[in-house]
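Heads up: the structure comes next, in structure tokens.
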Amino acid sequence: MVEKERSASNLDLIGGRLCLDFVNTISTRMETGREYLTSYAELAAWSEHAGALAEDEAEALRNHAASHPNLAAGTLERAILFRETVYRIFSAIADGGEPGRADLAALNEALRPALSRLEVNSTGDGFAWRWTLDGNDLDGMLWPLARSAADLLTSEDLKRVRQCARDGCDWLFVDTSKNHSRRWCSMDLCGSRVKAKRYYQRKRKGAAKV
């Protein structure tokens with residue numbers, strides 16, 4: 001079976017929270033890491049894939065970005081800086097530490113304008129939150145990401161935030177396993193690789209003894 005080519009529009013969403021899936025848009029933060037958000041179009045594609053933007057919203061923003069490339073490039077740069085802020089916050093927590101004050105301040109700075117664009121709307125059978133986004137808001141996908149990070153920080157799930165245990169992978173996730181013993185971002189992605197590596201090492205040791 002041929003493995004699919006991974007891109008921003010089909011990345012595995014294994015974080016358990018939108019903000020953690022956003023953190024996982026780079027394969028690793030080592031020098032060999034692959035960046036999946038290489039353009040504003042890729043940022044919009046991932047945002048649609050992950051549910052931060054609706055299909056029509058993503059299309060409108062891509063069209064506006066194409067007409068304003070400098071603004072789009074600046075938004076992409078801010079998005080990646082915000083992603084790394086969120087990564088530092090939750091990787092510190094996953095490691096049993098405390099996030100830095102500067103990173104919390106940066107999150108709050110992103111959160112203030114985001115919450116100003118949130119409103120309650122009638123759905124016909126109830127009410128729901130809605131973002132007041134238009135086609136000119138190139139950073140509109142960052143609003144639900146900031147709120148997701150704030151919600152996770154203030155939730156019971158915070159103590160279940162984990163970082164993948166495979167060397168070379170720093171993806172984050174919420175451990176929802178029954179006994180809270182999940183070690184890998186995904187068994188298919190990293191767990192199977194670790195098991196295969198251990199199997200290969202055991203075979204080499206066995207062959208060396210013969």
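Throughout, read-outs are computed from the coordinates displayed, never taken from laboratory work. Quick caveat: nothing in here was measured; it's all calculated off a predicted structure. Counting neighbours? That spans all protein chains shown, and the Cβs are built from the backbone with ideal geometry, glycine included.
Quick one: order 186, 155, 67 by neighbouring beta-carbon count within 10 Å, fewest to most. It would help to have the intermediate numbers written out before the result.
On the way: 186 17, 155 13, 67 8.
Ranked by crowding around the Cβ, least crowded first: 67, 155, 186.
In whole Hz, what ³J(HN,Hα) sequence does segment 55-71 give by Karplus (6.51, -1.76, 1.60; θ = phi - 60°), x for Gly and Pro?
4, 5, 5, 4, 5, 4, 5, 4, 5, 5, 5, 4, 8, 9, x, 5, 5
By counting other Cβ atoms within 10 Å of each Cβ, how are 174, 86 ranked from fewest to most?
If I rank by nearby Cβ atoms, fewest first, I get 174, 86.
So what are the ³J(HN,Hα) numbers for segment 39-47, from phi and the Karplus equation (6.51, -1.76, 1.60; θ = phi - 60°), rounded to whole Hz, Gly and Pro as x?
7, 5, 4, 5, 4, 5, 5, 5, 4
Tell me, 133, 172, 118 in order of fewest to most beta-carbon neighbours within 10 Å? Don't skip to the end; give the middle numbers.
Working: 133 18, 172 26, 118 13.
Final ranking by Cβ density, sparse to dense: 118, 133, 172.
Tell me which cysteines of the chain come out unpaired when the rule is another cysteine's Cβ under 4.7 Å.
If one checks each Cβ against the other cysteines of the chain, 19, 190 turn up with nothing under 4.7 Å.
Charges on Cβ only, +1 for Lys and Arg, -1 for Asp and Glu, centred on the Cα centroid of segment 52-139; of 105, 120, 80, which one is farthest towards the dipole's positive end?
The listed residue farthest towards the positive side: 105.
I need the shape label for segment 104-162. Rule: rounded when a/c is under 1.5, else prolate if a/b > b/c, else oblate, with a, b, c from the alpha carbon gyration tensor.
It is oblate, given that a/c is not under 1.5 and a/b is not larger than b/c.
From the backbone phi of segment 117-129, what are the Karplus-calculated ³J(HN,Hα) couplings (6.51 cos²θ - 1.76 cosθ + 1.60, θ = phi - 60°) in whole Hz, Gly and Pro given as x?
Here the 3J(HN,Hα) series is 9, 10, 9, 8, 10, 6, 10, x, 10, x, 9, 8, 6 Hz.
How many nm is it between the label spots at residue 129 and residue 155, if each spot is 7 Å from the Cα in line with the beta carbon?
Going by the 7 Å Cα→Cβ label model, 1.0 nm.
Counting Lys and Arg as +1 and Asp and Glu as -1, each charge on the Cβ, what is the dipole of the chain about the Cα centre in debye, to the nearest 20?
Value, rounded to 20: 1920 debye.
Can you give me the long-range amide H partners of residue 29? Hydrogens built in the peptide plane at 1.01 Å from N, cutoff under 5 Å, separation of 5 or more residues or another chain.
Answer set, sorted by chain and number: 170.
Given contacts defined as C-alpha pairs under 8 Å and at least six residues apart, what's the relative contact order of segment 18-209, whole-number percent?
Answer for segment 18-209 is 23 percent.
Ignoring GluC sites (Glu not before Pro) that are buried or in helix or strand per DSSP, and keeping those with at most 11 other beta carbon atoms within 10 Å, what is the longest stretch of the chain between them?
For GluC sites (Glu not before Pro) (loop position, at most 11 other Cβ atoms within 10 Å), the longest site-free span of the chain is 32-210.
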